[in-house]
Amino acid sequence: MPSIQEIQAGIVEDFTFLPQWDERYAYLIELGQKMPPLPDVYKNEENLVRGCQSTVWLHRECHDGNIHLLADSDSLIVKGLAALLLQVYSGQPAKDVAS
């Protein structure tokens, strides 16, 4: 699996190819739409992200020392941002995510 830094560099490169803000927003929305749906069982108070104007749920688990994340939002842009978060951190070793 690529490192967190390698994944981040790839994301920066992807967005660099999109010179216009509207293209970047469209790509971000597309990323969110491609995310697997968050099962309703995880849409609860414990997973609710506080302080966000949108409704956002972030479910996390740790298996064999690796972080696994699931997320959803009622906002298309925020859901796309959550997709980026999952892309970077989900599946990564917990020690790398913590640092």
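The values are calculated or read from the model by the stated rules, or taken from the named source; none is laboratory data. Just so it is clear, the structure is predicted and the values come from calculations on it, not from any experiment. Methodologically, a virtual Cβ is constructed for each residue, glycine included, from the backbone with ideal geometry; neighbour enumeration extends over all protein chains shown. Quick note on the areas: whole protein, heavy atoms, side chains included, nothing else; ligands and nucleic acids left out. Shrake-Rupley method; radii C 1.70, N 1.55, O 1.52, S 1.80 Å.
Exactly one condition in (1) out of contact with any Phe, Trp or Tyr (no Cβ under 6 Å at 6 or more places or on another chain); (2) closer than 17 Å to Ser73 by Cβ; (3) surrounded by 12 or more Cβ atoms within 10 Å (Cβ to Cβ) is not met by Gly10; state its number.
Tallying (1) out of contact with any Phe, Trp or Tyr (no Cβ under 6 Å at 6 or more places or on another chain); (2) closer than 17 Å to Ser73 by Cβ; (3) surrounded by 12 or more Cβ atoms within 10 Å (Cβ to Cβ), Gly10 fails exactly one: (2).
For region 24-53, which positions are small (Gly, Ala, Ser) and either modelled with pLDDT under 95 or under 14 Å from the mean Cα position of the chain (by Cα) (or both)? It would help to see each step written out before you state the result.
First pass over region 24-53, keeping only residues small (Gly, Ala, Ser): 26, 32, 51.
Matches in region 24-53: Gly32, Gly51.
Every residue in region 61-75 that is closer than 14 Å to Pro36 by Cα and of a type outside the set (D, E, K, R), please.
Matches in region 61-75: His68, Leu69, Leu70, Ala71, Ser73.
If I ask for residues that are open to solvent by less than 60 Å² (accessible area, probe 1.4 Å), in a helix (DSSP H, G or I) and either under 29 Å from Ser99 (Cβ atoms) or in contact with a Cys (Cβ under 8 Å, 6 or more places away or on another chain) (or both), which ones from region 25-41 would you list?
Hits for region 25-41 are Tyr27, Leu28, Leu31, Gly32.
Give me the residue from region 42-78 that is in contact with a Ser or Thr (Cβ under 7 Å, 6 or more places away or on another chain) and assigned to a strand (DSSP E or B) and, out of that set, most open to solvent (accessible area, probe 1.4 Å).
Taking region 42-78 first, the residues in contact with a Ser or Thr (Cβ under 7 Å, 6 or more places away or on another chain) are 54-56, 67-69, 73-75, 78.
From the residues that got through so far, the ones that are assigned to a strand (DSSP E or B) too are 56, 67-69, 73.
Values: Val56: 15, Ile67: 33, His68: 68, Leu69: 23, Ser73: 14 Å².
Here the residue is His68.
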